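Report on the structure given below.
The values are calculated or read from the model by the stated rules, or taken from the named source; none is laboratory data. Because the structure is predicted, anything quoted here is derived from the model rather than measured. Please note: Cβ atoms are built from the backbone with ideal geometry, for glycine as well, and neighbour counts cover all protein chains shown. Note: areas computed on protein heavy atoms with side chains; ligands, DNA, RNA excluded. Shrake-Rupley method; radii C 1.70, N 1.55, O 1.52, S 1.80 Å.
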Amino acid sequence: MSHSINIRIAQQTSYDVYTGRNIWDKVIAYFESHYSGRKLFIAIDSRVDKLHGQKVQEECKRYFQSCHVLQVPEGEESKSIQQWSLLQDKLLENGVERSTPLLAVGGGVTGDVAGFAAASVLRGIPLVHMPTSLLAMVDSSIGGKTGINHSVGKNLIGAFYQPDAVFTDIEFLETLDRREWIGGLAEMLKYAAIRKPALFDQLEQAVEAGFKPSDQWLALIRESAQIKADIVQEDVHESGKRTWLNFGHTFAHALEKWAGYGNISHGEAVFTGMIAATYFSKMLGSSVEEIRFEPFKPLYNINVPGDETIPELIQVMQSDKKVKEQTIRLVLLKKWGAPYLKKCENELALHDSWKAAFDALR
Ligand SMILES: NC(=O)c1ccc[n+]([C@@H]2O[C@H](COP(=O)([O-])OP(=O)(O)OC[C@H]3O[C@@H](n4cnc5c(N)ncnc54)[C@H](O)[C@@H]3O)[C@@H](O)[C@H]2O)c1
């Protein structure tokens, strides 16, 4: 007699991303209706803490009697095993319970490390993201990827862990540096390229109007967050469509790694990579033109390497974690808004794409 045990893993739970300006009333109402305990942990980026920490605590104390602040030092170095371990210590030593929520306030770094801490302590506590950088608002706070870096590579340790909610308050952007705006903008340009080409013109207008938390930017942030949400919902564990979000990124990761992390910003590398991927697409017969990125070029101050570095860059690409069976896989465009995944065995085409991007940026 055969016998089977059916194990049903719950389908993806759903959660809301709230966006607006000064949305604290909404945040507090959410806390009141979702958490019965009166204790909260706040993991907050150290710079954001200096600028907004007092306000964040005052607001949270409208509902929570105890708000325990865990500062996450600003910078990518905080996405480390040590920082993750420190967060575990602080959570456990300060009486975290299975139902105690953790509010992650900061950019992608804080969201990723605090998210992973929430995913792992007591096998998972409630997590709420409050993204404060443009990149975190349009990208990292959505989709449930959490994690830390390892000396072998970036983002190699982590978990898919969905938050209960995301609260995106553009008021935080008031204090965001221009360089960080431009980093987030690169991901928004990516959404224009892979999903909604009309965003190119809208982003151009918003940039002209200036980097400030305006209604214009709010609308674009909402639209970008929606695109990311749509794509991750279609592919929660990154096996298919979610790879489209890597448009320009295979080139970008190689450039960042080659230059040494920090010497070229992620946004600058993504911008360069998108031009290269667009050129590659054009070589395969697509109607897309790199010129589409031209209006944004003056924003990205890229120290373009010499063409003699291109073979090294291609070698770095071949060691990317997204390389399967030694073949580079690129996200290319059939036309604007229509991405596809392509195995790339043609080194010459890669070389020409790098060169086209470098020429465009010189
Ligand atoms: N989980 C995901 O799906 C996902 C997606 C994309 C990127 N990421 C990760 O996100 C990270 C990058 O995120 P990031 O660009 O937000 O970096 P970040 O968290 O380092 O923030 C960038 C800088 O902006 C500062 N900052 C943030 N908000 C501010 C504010 N309101 N005012 C003033 N300064 C502010 C921070 O202190 C920091 O110096 C990377 O580690 C990347 O791997 C994750």
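Quick check on the chain: helices-only [θ] at 222 nm, where DSSP H runs of length 4 and up contribute -39,500 (n - 2.57) each and the sum goes over total residues. Nearest 500, please. Can you show the working numbers first?
Values: 11 runs with 154 residues, N = 362.
Mean residue ellipticity, 222 nm, calculated: -13500 deg cm²/dmol.
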- Report, to the nearest 10°, how far helix 347-361 tilts away from the longest principal axis of the Cα atoms in the chain, using its own Cα long axis and a range of 0 to 90°. 80
- Report, to the nearest 10°, how far helix 178-194 tilts away from the longest principal axis of the Cα atoms in the chain, using its own Cα long axis and a range of 0 to 90°. 70
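Per the Kirkwood formula on distinct C-alpha pairs, the Rh of region 16-175 is how many angstrom?
15.2
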- Item | For region 108-113, Karplus couplings with θ = phi - 60° (6.51, -1.76, 1.60), whole Hz, Gly/Pro x | x, 5, 4, x, 6, 6
- Message: Over all directions, how big on average is the projection of the convex hull of the alpha-carbon atoms in region 262-362, in square nanometres?
- Response: 6.4
- Zone of R178's modelled label, taken as backbone nitrogen in region 265-299 under 11 Å from a point 7 Å along Cα→Cβ: 299
- Message: For a quick size check, give me the Cα extents of region 178-361 along its three principal axes, largest first, whole Å.
- Response: 45, 36, 31
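Can you tell me the alpha carbon radius of gyration of region 81-132 divided by the globular rule-of-thumb value 2.2 N^0.38 Å?
Details: Rg = 10.1 Å, N = 52, 2.2 N^0.38 = 9.9 Å.
Normalised Rg, Cα atoms only: 1.02.
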- Using label points projected 7 Å from each Cα along Cα→Cβ, tell me how many nm separate K55 and N22, to one decimal. 1.0
- Message: Quick one: the Cα spread of region 174-260 along its three principal axes, in angstroms, biggest first?
- Response: 37, 34, 22
- Once the Cα atoms of helix 249-259 and of the chain are each reduced to a long axis, what angle between those two axes, in degrees from 0 to 90 to the nearest 10, is obtained? 90
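Assuming R0 = 51 Å, what is the FRET efficiency of D359 and T13, from their Cβ-Cβ distance, to the nearest 0.05? Intermediate values should be presented prior to the final figure.
Working: r = 48 Å, r/R0 = 0.93.
Efficiency, rounded to the nearest 0.05: 0.60.
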- With r as the distance between the Cβ atoms of I81 and A198 and R0 = 45 Å, compute the FRET efficiency 1/(1 + (r/R0)^6) and round to 0.05. 0.60
- Message: At 1.4 Å probe size, put R179, R47 in order of accessible surface, largest to smallest.
- Response: R179, R47
- Query: What distance in nm separates the simple spin-label points at Q216 and E308, each placed 7 Å from Cα in the Cβ direction?
  - Reply: 4.4
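Given the Cα-Cα distance of S319 and E171 and 0.36 nm per residue of separation, how much length would full extension add, in nm? Mind dumping the intermediate values first?
Details: separation 148, 0.36 × 148 = 53.28 nm, distance 4.02 nm.
Working it through step by step, the gained length comes to 49.3 nm.
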- Give me the distance between the Cα centres of region 104-147 and region 22-40, rounded to whole Å. 18
- Which pairs in the list K90/K228; K55/K145; K196/K297; K145/K343 are over 23 Å apart, alpha-carbon to alpha-carbon? K90/K228; K55/K145; K145/K343
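What full-extension length gain, to one decimal in nm, is calculated for D89 and A29 as 0.36 nm per residue of separation minus the Cα-Cα distance?
Result for the pair: 18.6 nm of gain on full extension.
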- Message: Given points 7 Å out from each Cα along the Cα-Cβ axis, report the Y63 to Q233 separation in nanometres with one decimal.
- Response: 2.3
- Taking protein heavy atoms only, a 1.4 Å probe, and rounding to whole percent, the accessible area of region 16-175 owed to carbon and sulfur comes out at 47
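Could you tell me whether region 46-111 comes out rounded, prolate or oblate from its Cα gyration tensor? Rule is a ≥ b ≥ c as square roots of the eigenvalues, rounded for a/c under 1.5, then prolate if a/b exceeds b/c, otherwise oblate.
On the way: a/c = 2.29, a/b = 1.14, b/c = 2.01.
Note, shape of region 46-111 comes out oblate.
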- Message: Rg and Dmax in Å for the chain, alpha carbons only: what are they?
- Response: 21.0, 72
- Give me the number: length gained by fully extending E294 to E97, i.e. 0.36 nm times residue separation minus the C-alpha to C-alpha distance, one decimal in nm. 65.8 nm
